[in-house]
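The values are calculated or read from the model by the stated rules, or taken from the named source; none is laboratory data. Quick caveat: nothing in here was measured; it's all calculated off a predicted structure. Here Cβ is always computed from backbone atoms with ideal geometry, including for glycine, and neighbour counts include all displayed protein chains. Note: areas computed on protein heavy atoms with side chains; ligands, DNA, RNA excluded. Shrake-Rupley method; radii C 1.70, N 1.55, O 1.52, S 1.80 Å.
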Amino acid sequence: MNRTVIKHVILIVVGLAITAPQGWAGNKRIMSIKAAEVVAERAIVESVHGLKLRAKEEVVDMIPTTFEGSTESKTAATIKGIKYEEKTYDAQKDIAKVTASVQLENITNIDGKPMSLGNKVFKRVGFATSTPAMAGPIRALRAAELDAYKQLIKRVVGFTLESKTTVENFMLKSDEVKTKVIATLYLAELTDYGWDENGDAYVKLKLDVKDASAVIGEKVVESADTIEVEGLGSQENDYKSGGKTSAQPKTKK
Amino acid sequence: MRLTSLIILCFCMAIPASSAYGGNREMVEKEIKELDELNKQAVQQLPDIPQNGTIDLKAKVIQQDGKPKIDVIEHRVSPKKTKMAPLDKKKHLPATPVVDKPIDLGKQGNLNKVEGETTENEPNSD
């Protein structure tokens with residue numbers, strides 16, 4: 001009799017131990033969803049109001065361990081009317097996904113210029129987690145997003161190249177190559193995103209050059225009608241030991 | 001049976017773990033290659049590339065018809081000065097004149113021997 005009771009008690013305890021973490025998940029779910037909402041809102045602000053971006057790359061003697069690449073972005077705006085179209089939460093991975101959209105007639109961009117958006121719908125996606133171990137793919141996605149912004153700016157306004165080159169018997173040897181870009185960007189549209197089999201993230205952004213040119217009121221250097229770029233981001237920095245290297249873009253909001 | 005299941009489970013966990021997180025090596029290498037090519041393209045636009053030396057360059061790069069268009073804003077070329085030994089006309093070594101005459105390959109011997117002399121070891125032709 002006693003044995004049966006003990007068996008039942010053990011079974012109940014084990015059962016509770018297994019189900020408790022899911023049953024009493026605490027605020028993880030809410031935190032992750034809220035964070036994903038904020039990330040999606042930031043993406044909307046970056047698309048519609050625009051963002052300031054400063055990026056530089058530097059390499060010495062063409063040695064990968066000396067490569068230093070950093071991208072900083074900044075944006076701030078008050079936008080009304082952002083809608084959350086879809087909210088998904090993966091309890092097992094503690095990852096939340098929120099799709100946000102906005103439809104506006106006019107907006108003042110990051111440069112303080114009023115822009116007519118003609119009620120065009122801008123849609124962006126945000127991912128977030130409250131579990132640090134699961135943040136890798138999300139960080140890689142943000143790195144890919146910043147890389148895509150940087151590429152768009154490089155195509156739209158160009159960039160500065162600075163270098164020191166040695167010539168030996170008419171043979172060129174790049175000693176030091178630096179690129180710099182500081183610019184503002186608006187109206188970038190997300191066309192695709194995801195992760196490949198290695199866990200590296202990609203983000204595809206599109207910019208309608210004619211629209212952008214009309215809105216900005218300046219001629220864009222690119223001759224194509226639309227510019228489409230693919231930004232890449234990785235979860236791991238292979239050159240960590242080099243100390244100086246940071247290929248994954250840094251972010252500043 | 002249990003052991004087999006355990007091995008299969010370990011394999012299933014090991015395979016995705018080894019292939020995950022490819023890192024940024026490939027991206028960095030591609031970026032470096034692009035930077036190197038772009039810089040060489042910019043330098044080759046300069047009219048005064050020395051045989052040996054260094055070139056400091058600043059350029060504005062824009063995209064035009066899918067290709068980079070490089071406008072060099074400023075550049076400084078520093079040719080490498082090769083040090084030549086000063087030639088002293090008074091002290092330079094006298095050049096040895098070359099005598100044109102047939103060389104008898106069978107008669108090679110002591111370099112210090114004066115022509116016309118015979119040595120002890122040399123067989124006398126008389």
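Which shape class applies to segment A:1-123: rounded if a/c is under 1.5, otherwise prolate when a/b exceeds b/c and oblate if not, where a ≥ b ≥ c are the square roots of the Cα gyration tensor eigenvalues?
Verdict is oblate for segment A:1-123.
Using heavy-atom solvent-accessible surface (probe 1.4 Å) with all chains present, what is the largest-first order of B:S78, A:S73?
Details: B:S78 40, A:S73 5 Å².
Correct descending sequence by accessible area is B:S78, A:S73.
Restricting to Cα pairs below 8 Å that are 6+ residues apart, what does the relative contact order work out to for segment A:46-94? Please round to a whole percent.
32 percent
With a 1.4 Å probe and every protein chain left in place, tell me how much accessible area A:D111 has, in Å² to the nearest 10.
A:D111 has an accessible surface of roughly 70 Å² with all protein chains in place.
What is segment B:25-80 by shape, rounded, prolate or oblate, if you read a ≥ b ≥ c off the alpha carbon gyration tensor as root eigenvalues and call it rounded for a/c under 1.5, prolate for a/b larger than b/c, and oblate otherwise?
Working: a/c = 2.68, a/b = 1.43, b/c = 1.87.
Oblate is the answer for segment B:25-80, as a/c is 1.5 or above yet b/c matches or exceeds a/b.
Can you pull the percent of Cα pairs in segment A:30-242 with separation above 32 Å? Please list the in-between numbers first.
Values: 5507 of 22578 pairs.
So the pairs more than 32 Å apart make up 24 percent of the total in segment A:30-242.
Which percent of the accessible area of segment B:25-80 is formed by carbon and sulfur heavy atoms (probe 1.4 angstrom)? Don't jump to the answer; show the numbers that get you there.
Working: 1510 of 3440 Å².
Roughly 44 percent, rounded to a whole number.
Using a Gaussian network model of chain A with C-alpha springs under 10 Å, which one of A:T131, A:T71, A:T165 is most mobile by mean-square fluctuation?
A:T165
Rank these residues by their accessible area, most exposed first, probe 1.4 Å: A:Y84, A:Y186.
Ranking A:Y84, A:Y186 by accessible area, largest first, yields A:Y84, A:Y186.
Normalised by the number of residues in segment A:58-194, what is the relative contact order in percent for Cα pairs under 8 Å and 6+ residues apart?
Rounded, it is 22 percent for segment A:58-194.
Where Lys and Arg each count +1 and Asp and Glu each count -1, what net charge lies around A:P132 among other residues with Cβ under 11 Å from its Cβ?
Cβ neighbours under 11 Å give a net charge of 0.
Which FRET efficiency value, to the nearest 0.05, is calculated for B:K33 and A:A133 with the Förster distance at 41 angstrom and r the Cβ-Cβ distance?
Details: r = 34 Å, r/R0 = 0.83.
The value I calculate is 0.75.
Which whole-number percentage describes the relative contact order of chain A, with Cα contacts under 8 Å and a sequence gap of 6 or more? Show your work: numbers first, answer last.
Values: 538 pairs, mean separation 60.3, N = 253.
That works out to 24 percent.
What residue among A:A133, A:A201, A:A144 shows peak mean-square fluctuation when chain A is described by a Gaussian network model with Cα springs under 10 Å?
Highest fluctuation among the options: A:A133.
Can you pull out the trypsin sites (Lys or Arg not before Pro) in segment A:75-180 whose DSSP state is coil and whose Cβ has at most 13 other Cβ atoms within 10 Å?
Qualifying residues, ordered by number: A:K80, A:K93.
May I ask for the net charge around B:S78, where only other residues with Cβ less than 13 Å from the Cβ of B:S78 are counted and Lys, Arg are +1 while Asp, Glu are -1?
+1
Anyone know which of A:E46, A:E230, A:E197 comes out most mobile in the 10 Å Cα GNM of chain A?
Its mean-square fluctuation being the largest, the pick is A:E197.
Could you check the spin-label model distance between A:D225 and A:V5? Points 7 Å from the Cα along Cα→Cβ, value in nm.
8.2 nm
I'd like the orientation of helix A:28-48 relative to chain A: the angle between its Cα long axis and the longest Cα principal axis, in ° from 0 to 90, rounded to 10.
In chain A, helix A:28-48 runs at an angle near 20 degrees to the longest axis.
When Cβ neighbours within 10 Å are restricted to other protein chains, what is their mean count per residue of peptide A:230-236?
Average neighbour count from other chains, rounded to a whole number: 4.
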